[in-house]
Each structure stands twice: as C-alpha cells, then as structure tokens.
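Values in this text are rule-based calculations from the coordinates and carry no lab data. Predicted model, so just to flag it, every value in this text is computed and none were measured. Because the Cβ atoms are built from the backbone with ideal geometry, glycine has one as well, and the counts that use them run over all protein chains shown.
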Amino acid sequence: MEGRGVAGGKTTAADLGAYLCFEDEAGQGLRPPKGRTWAPVGTRPVVTVRGRGSGRVNMAGVVCFRDGERPHLFYKLHVYHGRKGEPKTFSWLDYRDLIVATHQQLGAPLVWCWDNLNVHLDGQLAEFAAEHADWLRIVRLPTYAPELNPAEGVWSLLRRSLANFAVTDLTGLARIIKRKLKKIQYRPHLLTGCLTQTGLTLDTRTKP
C-alpha cells in the first residue's frame, strides 16, 4: 500500500514536471555476500577472503523516475578505513552534494524521497531545501517501509553481483562497486524493475 508521503510525492512530481527520486544507503565490507556458484559434484567451493578489519565502503544512491523518460541512477561512495577520528559515513554536506549533482545531471525539478535517518533530518539540509524550493521538494517515506523504496532493489542487484567476489583491500572493493553500479546505470530496464517490485507506479490518476 502506498504511504501518504509517496502518493503526495507522485502528484507533486507530476505537477512540477519533476523527477521522482528515491534515495537510500548501503554498506559493504571486505567479506563478500554469499551466493550460489559452480563446483564439482560433492566438493564444497571455498573462496578465501581477507575479511578482517572494520573498514567498509558506504554507498548513497538515488534512482530517479519521470513518466515517459528512462530512469536514472546516481550514487556517491564513502570509504571508511576504521581509523580514529575518521568520519564513519556521509555528512549532510555529502547528501547536499548528491542532490545538487542529480539536479544538474537531469536539468529538471526533483521530488526527493527518503527515510527518517538522523542526517536526513539535519536542519541545514532543511534550510537548503527551503532555499531551493523552486526545484526541490523533500518527501519522507513511511517509517519502517523499505519495500516502498526502489533503491533497495539496486542494493539487492549489487549484492548479487558481488557474491563470492574476493578483494584484498578497500580501494579494490570501491573500484569493483563503482564498476558494478555503472553497469546497473546503463541498464534502465533493471531500474524499472526495481520500481515495479515496490508495487508503485508513476500513474497519478485517481482510482475509482
């Protein structure tokens, strides 16, 4: 069932001729996701990985839809090495930059949908949105409803492509993640499938 915020965001996007953008975060450490693979009968496949350390690659991604247009994916990475005093994840400035970059790439107004993560509620982000109300609207997704966010589908595709993929360091992991996300970027049918899986549509007509 659509949350009130999502339904309202769709209507606003249609009224403004805007892209409806869904943002979400994910992270990946050096230990790869498990997945099925081929092996000789009766032999368990073994993939040796480093798997140590507290570092990880954090990802912020946004999928953008507009009726009659091909969908788009934009993303930002943050590599956390586990060092003392190092930022563990994205700041409000990083999210601001992602919003601005998305707007510049699409050249159209944005209706930006995301959850209630603490940094999303930062007052400086709210001020930024108010200052750019001519092209930006912020919509909060319903609490505990990741199934309504097509960006979750992108992370699912990414994890599947990383299954059993061994890397030795965070630099290599970031490089592989960029390559995998770029492949998804150039396959708009996959992004359309992520929207379809949520049960949402871009149709704003009132149902009888």
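Relative contact order of segment 49-181, taken over Cα pairs closer than 8 Å and 6 or more residues apart, is 25 percent. Put in line by how crowded their Cβ is, counting other Cβ atoms within 10 Å and starting with the fewest, 134, 203, 24 read 134, 203, 24. Which one, 173, 146, 119, is farthest towards the positive end of the dipole of segment 114-204 when Lys and Arg carry +1 and Asp and Glu -1 on their Cβ? So the residue we want is 173. Remark: segment 82-208 projects, on average over all directions, an area of 10.8 nm² (convex hull of Cα atoms). Within the set of other residues whose C-beta is less than 13 Å from the C-beta of residue 18, count the net charge using Lys and Arg as +1 and Asp and Glu as -1. Around residue 18, the charge tally is -1.
Fewest-first ordering of 98, 117 by other beta carbons within 10 Å of each residue's beta carbon gives 117, 98.
With 10 angstrom as the radius, rank 23, 152, 147 by how many other C-beta atoms surround their C-beta, starting from the fewest.
147, 152, 23
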